[in-house]
Amino acid sequence: QVQLVESGGGLVQPGGSLRLSCAASGSIISINTMGWYRQAPGKQRELVAAIFSAGSTNYADSVKGRFTISRDNAKNTVYLQMNSLKPEDTAVYYCNVEARTRTNLRLTTYWGQGTQVTVSS
């Protein structure tokens, strides 16, 4: 199947920046949409940003102008550059990809294990 390895989370002060990475591996044939979701304590998981195979993007209103999603198709990797971080951005961030593999030709959604982002002074 598909394995997703996330990195880049941590503790940052308000106004600071972090860059998250998520590398997909496995018997991948193709990847469609790649995205980032987050879940804060006591809240539902929400979409942060998504990038489609053609390169177009979609962002949650709360992060527009501060976060940038990008992808490197050669490396099967998606990035999330987070600037001007706020305490309300504190959450576990999850990588999400839609992919076809040699053993599963149906477009299937895969999730990473999550990485903690804490914004606090």
Every residue from the stretch 10-22 that is open to solvent by less than 40 Å² (accessible area, probe 1.4 Å) and either in a strand (DSSP E or B) or at pLDDT below 95 (or both): 10, 12, 18, 20, 21, 22
Conditions (1) under 26 Å from residue 15 (Cβ atoms); (2) in contact with a Cys (Cβ under 8 Å, 6 or more places away or on another chain); (3) not hydroxyl-bearing (Ser, Thr, Tyr): number failed by residue 63: (2)
Near pairs, Cβ below 6 angstrom, 6+ apart or cross-chain, from the stretch 103-119 (over 22 Å from residue 7 (Cα atoms)) to any residue that is assigned to a strand (DSSP E or B) and open to solvent by less than 90 Å² (accessible area, probe 1.4 Å): 107/98; 107/100
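The values are calculated or read from the model by the stated rules, or taken from the named source; none is laboratory data. Predicted model only: the values in this text are computed from it and were never measured. Using ideal geometry, Cβ is built from the backbone for each residue, glycine included, and neighbour counts are taken over all protein chains shown. For the accessible areas, the whole protein counts, side chains as well, though only heavy atoms, and no ligand, DNA or RNA atoms are used. Shrake-Rupley method; radii C 1.70, N 1.55, O 1.52, S 1.80 Å.
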